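Note sheet for the following structure.
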Amino acid sequence: MRAYEQDFESTKSEVLENTSRLGRRTVRIAVTAVLVALCAVAFVLCLMGDDIRYARQEKQIVRDRAVHESQLHDYMDRTDILGLYEYASSHRLTYTEAMREYDKVFSASMYYRYVYEYTMELMTEGVNERYESVGQRCESIAKSALSVYETRTPQTYDKPETYEGEKGEYLDRVVSQTELILRGYFHLTEEETTGIPEMTHSRLAVLLEEGLAR
């Protein structure tokens, strides 16, 4: 009995030890598998995060489209270019499929805003020569002004509704307002502003700097 008891206890200890070792290994494998799965899910969600957010944004814009259109047309009626772009930007309407037909309206408003803000900064604060010269600031204004003109030129890939009715009239007024800034603050002549669409941004920048000096 003592011999059998000794064998029994030895076998029992071995079984318990093996079972415990197997259990710990199983737990480790299970935990590792769960962590790997969670990491994989998190990685996929990160990759799809922008798509998910964009889809939700598009649905929200579609639901509120009537309200947005009413607001946009109110800004266009008043030629409130800065207000229109601020509204479109704050409601994330730019570069969305839901408001695709307003792309040129948004782009023209954005570039006009650059022309306006760069000019006002130049007139009221000057430039910090440490970071930017007057010539560089004039070049930035020239690029933005030419971009305003480009938004009024239909491209082959543009849809007709982009320029229809009030939107086309608004784009014309944005161009006119841009010309007023260039004439009023940079003393460009009517002949010079008429030739802007054919100019390079370097040529226009030189005219702006020369006009500013006058």
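Taking the range 98-128 as the range and being within 24 Å of Ala55 (Cβ to Cβ) and among the charged types (D, E, K, R) as the test, the residues that pass are Arg100, Glu101, Asp103.
Being surrounded by fewer than 14 Cβ atoms within 10 Å (Cβ to Cβ) and charged (D, E, K, R) is a property that does not hold for Glu139.
Of the residues in the range 76-95, none is farther than 19 Å from Arg173 by Cα and in contact with a Lys or Arg (Cβ under 7 Å, 6 or more places away or on another chain). Determine whether the range 132-140 contains at least one residue that is closer than 30 Å to Glu69 by Cα and assigned to a helix (DSSP H, G or I). Scanning the range 132-140, I find no residue that is closer than 30 Å to Glu69 by Cα and assigned to a helix (DSSP H, G or I), so the answer is no. Entry remark, the range 142-182: residues being in contact with a Leu (Cβ under 6 Å, 6 or more places away or on another chain) and either over 22 Å from Ala98 (Cα atoms) or not assigned by TED's automatic domain parsing to the domain that holds Val105 (or both) number 2 in total. Within the bounds of the range 79-90, is there any residue that is over 15 Å from the mean Cα position of the chain (by Cα), surrounded by 17 or more Cβ atoms within 10 Å (Cβ to Cβ), in contact (Cβ under 8 Å) with a residue 60 or more places away in the chain and in a helix (DSSP H, G or I)? Yes: one or more hits.
Within the range 193-210, the set of residues being of a type outside the set (A, V, I, L, M) and either modelled with pLDDT under 90 or under 15 Å from Glu150 (Cα atoms) (or both) comprises Thr193, Thr194, Gly195, Pro197, Glu198, Thr200, His201.
Of the residues that make up the range 177-186, is at least one over 20 Å from the mean Cα position of the chain (by Cα), closer than 23 Å to Ser70 by Cα, at pLDDT 95 or above and not acidic (Asp, Glu)? Yes.
Yes or no, residue by residue, for (1) in contact with a Lys or Arg (Cβ under 7 Å, 6 or more places away or on another chain); (2) surrounded by fewer than 18 Cβ atoms within 10 Å (Cβ to Cβ); (3) not in a helix (DSSP H, G or I):
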position	(1), (2), (3)
Asp158	no, yes, yes
Val175	yes, no, no
Leu180	no, yes, no
Val206	no, yes, no
Gly211	no, yes, no
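The values are calculated or read from the model by the stated rules, or taken from the named source; none is laboratory data. Please read all numbers here as calculations on a predicted model, not as lab measurements. As a convention, Cβ positions derive from the backbone with ideal geometry for all residues, glycine included, and neighbour counts pool all protein chains shown.
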